[in-house]
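Okay, structure first, notes after.
The values are calculated or read from the model by the stated rules, or taken from the named source; none is laboratory data. Being a predicted model, the structure only gives us computed values, none of them experimental. Because the Cβ atoms are built from the backbone with ideal geometry, glycine has one as well, and the counts that use them run over all protein chains shown.
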Amino acid sequence: MTPPSESGWREIVESSPEGIVICDATVPDCPVVYANAAFLQLSGYALSALMGRNLRLLQGSDHDQEGRQRIREALSRGESCRVLMRNYRPDGAQYWNEIFIQPVRDAQGQLVQWIGYHRDTRERLRTPEKHALAGLPAWMREDRLTGLHSRAYFEELLQRDWYIAQRDGHEIGLTFFDIDDLGTYNDIFDKAAGDACIRRVARIITGSYRRSGDLIGRWNGGTFAVLTQANASVAAHDYARVVLQRVRELLIHHPRATASGRYVTLSAGACTLVPPRELSLPAFIGACTTALQRAKGQGKNKSCATEASDFALVSDTGTPGKAAGSAN
């Protein structure tokens, strides 16, 4: 297949419904060198007002935002980063901007550009203006038990990153972690103890994935999902084993655990790939679920990577025989 010409790529990017900005990483302050029509409409700025300037101008005088520090850290490390920011249009109107920035390197591995993808989240969440100004409702984005991303919000971000990975041809990784024998743990110690166990495991997983581009959510029950980007996802399967070891080292007693040691353990299913155009996101999720089920079937307290047959087992809807975490 012949790749699009430069003019073809520009037409594709220019017609994208998502705001896209390119900044020059080879000079101080990373000035804007390109912005598509969707971004100009979102920000309210003319292209001439953005060219050669740093995008911090979008925050105006609202400097006390956690996202600004996370972006600075990602830029200094040359890593991807996802943040939610309060931005302001030239007339002072505020909007919530979901931003995903990604480094671009040349053939020698030198950082040459930053690409930013921007979206107004108020429209997506259908939040009334008066509520949007006070902040996005936490219950729409956050799992109440663990403080991680809710499944609905995680799936939405996963779908977006999947599209970007397919379009740009970069690697993406997805890992499912599930607490082994959580049902019997609840039977012995009650649900409150089970919830406490889920929270402790969630803290271990959160502390294990610290790159700016990592995304962690609670999928359901005692199942967690982790999305990693580009070089962060290279060793998704191997790194899952590290997480399993850290959970074992918590020494949470479980008298009816079927894995060795009579302690709470995790099983994991992981997949890393550059998604081909013909592969659907549900099939990707289903293959990771199948790998998790295989880890359960091999005695639990294990991590399994996806295999080619895992994708063949997934139906057209992307759903294998059981949902992730159903065989705990």
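Structural remarks
- Set Ser267, Ser280, Ser326, Ser315: member being among the small types (Gly, Ala, Ser) and at pLDDT 95 or above: Ser267
- Within the range 29-40, residues that are outside the structural domain of Ile115 (by TED's automatic domain parsing) have Cβ atoms under 8 Å from residues that are part of a strand (DSSP E or B) and of a type in the set (D, E, K, R) in no pair, counting only partners at least 6 apart in sequence or on another chain.
- Of the helices (runs of 4 or more DSSP H) lying entirely inside the range 119-167, those containing at least 2 residues that are touching a Lys or Arg at 6+ places or on another chain (Cβ under 8 Å) and at pLDDT below 85 are 129-132.
- Of all the listed residues (Glu11, Glu79), the sole one being assigned to a loop (DSSP other than H, G, I, E, B) and either crowded, with 17+ Cβ neighbours inside 10 Å or more than 23 Å from the chain's Cα centre (by Cα) (or both) is Glu79.
- Per-region count, the range 26-48, residues surrounded by 13 or more Cβ atoms within 10 Å (Cβ to Cβ) and either under 26 Å from Ser76 (Cα atoms) or among the basic types (Lys, Arg) (or both): 9
- Pair list, Cβ < 8 Å and 6+ apart or interchain, from the range 300-311 residues that are at positive phi to residues that are among the charged types (D, E, K, R): Lys300/Asp180; Lys300/Asp181; Asn301/Asp180; Asn301/Arg248
- Counted residues, the range 49-61 - those being within 26 Å of the chain's Cα centre (by Cα) and surrounded by 17 or more Cβ atoms within 10 Å (Cβ to Cβ): 3
- Of the residues making up the range 53-67, none is of a type in the set (A, V, I, L, M, F, W, C), over 26 Å from Tyr163 (Cα atoms) and at pLDDT 95 or above.
- Of all residues in the range 224-251 being of a type outside the set (A, V, I, L, M, F, W, C) and closer than 23 Å to Arg77 by Cα, the one that is modelled with the highest pLDDT: Thr228
- Unmet requirement for Ile188, which otherwise passes all of (1) surrounded by 15 or more Cβ atoms within 10 Å (Cβ to Cβ); (2) touching a Pro at 6+ places or on another chain (Cβ under 7 Å): (1)
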